[in-house]
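Trainee: The structure follows.
The values are calculated or read from the model by the stated rules, or taken from the named source; none is laboratory data. Not measured: the values here are computed from a predicted model. Cβ atoms come from the backbone with ideal geometry, glycine included; neighbour counts cover every protein chain shown. Surface areas here come from the heavy atoms of the whole protein model, side chains and all, with no ligands, DNA or RNA. Shrake-Rupley method; radii C 1.70, N 1.55, O 1.52, S 1.80 Å.
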Amino acid sequence: MDESESDRKADPDTYLLATTLVQPQNLDPVRATMLSLRAPGQRKLHWHSESPRRRAFVIERIAALDAQHLIVVRDGRPGEASERRRRKCLARTAWELDLRGATQFVAESRETSRQNGRDMKTIAYLRSNGTIGSALRLFHEPGPREPLLWVADSLASAYVAAHTGTAGYFDAVQHAVEVIRITADDG
């Protein structure tokens, strides 16, 4: 799972979490594909570091993966804190994953352990109020350590590009992506 805040001018107050859903037997092949996409010397694949041509190449490979993807988009209120938007997206993502029978999901480690802790508190709260069951676990990993996070980064960025004027990237992968929009009116 990786996050993105949309372009503040073209798509203000929008926050999203992208998640790649992979069956256990497909984890190693998907990771191998993503590792093969790194350029020499790259620690991780990162959308914003890639040229438009490389982005197109990467998104074509992602479109061919044996995986499904989920993007939860929060259309927040003007001035709403990013952390609140993240919490709302995380809650919906966790609910959707629990509904699908997932038992674990990995988020890219945030800048501080305090921020990671906020995510964990959100999950604990969702468990305590019965929104999700006890089986779903959240883990944080550094971006370079988990190639599946590179898929989520690319999907989030392609989605933002589509909503700010460059649709081609997302068009290539949208067949495998479920987009769920939540608004500030949803709570």
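Trainee: Just checking, how many residues over the stretch 42-93 are at pLDDT 90 or above, among the small types (Gly, Ala, Ser), open to solvent by less than 30 Å² (accessible area, probe 1.4 Å) and not in a helix (DSSP H, G or I)?
Mentor: Result for the stretch 42-93: 1.
Trainee: Restricting attention to the stretch 139-180, and to residues there that are surrounded by fewer than 20 Cβ atoms within 10 Å (Cβ to Cβ) and touching a helix residue (DSSP H, G or I) at 6+ places or on another chain (Cβ under 6 Å), which single residue is farthest from residue 49 (Cα to Cα)?
Mentor: The selected residue is 140.
Trainee: Looking at the stretch 96-105, is at least one residue buried (at least 18 other Cβ atoms within 10 Å of the Cβ), modelled with pLDDT under 90 and part of a helix (DSSP H, G or I)?
Mentor: no
Trainee: Now, a different point. Only one of these is farther than 24 Å from residue 36 by Cα and either at pLDDT 90 or above or touching a strand residue (DSSP E or B) at 6+ places or on another chain (Cβ under 8 Å) (or both): 175, 163, 140. Name it.
Mentor: Details: 175 fails: farther than 24 Å from residue 36 by Cα; 140 fails: farther than 24 Å from residue 36 by Cα.
On inspection, the qualifying residue turns out to be 163.
Trainee: For the condition in contact (Cβ under 8 Å) with a residue 12 or more places away in the chain, assigned to a helix (DSSP H, G or I) and more than 13 Å from the chain's Cα centre (by Cα), what is the one hit in 135, 156, 172?
Mentor: 172
Trainee: Quickly run through the stretch 84-132 and pick out the residues that are in contact (Cβ under 8 Å) with a residue 60 or more places away in the chain and among the aliphatic types (A, V, I, L, M). Walk me through how you get there before you give the answer.
Mentor: In the first step, residues of the stretch 84-132 are kept if they are in contact (Cβ under 8 Å) with a residue 60 or more places away in the chain; the result is 85-86, 88-90, 92-93, 96-97, 100, 102, 105-108.
If the condition is that a residue be in contact (Cβ under 8 Å) with a residue 60 or more places away in the chain and among the aliphatic types (A, V, I, L, M), then 90, 97, 102, 106, 107 are the ones that fit.
Trainee: Take the residues of the stretch 21-40 that are free of Cβ contacts under 8 Å to residues at least 60 places away in the same chain and closer than 14 Å to residue 54 by Cα: which is surrounded by the fewest Cβ atoms within 10 Å (Cβ to Cβ)?
Mentor: Per the criteria, the residue is 40.
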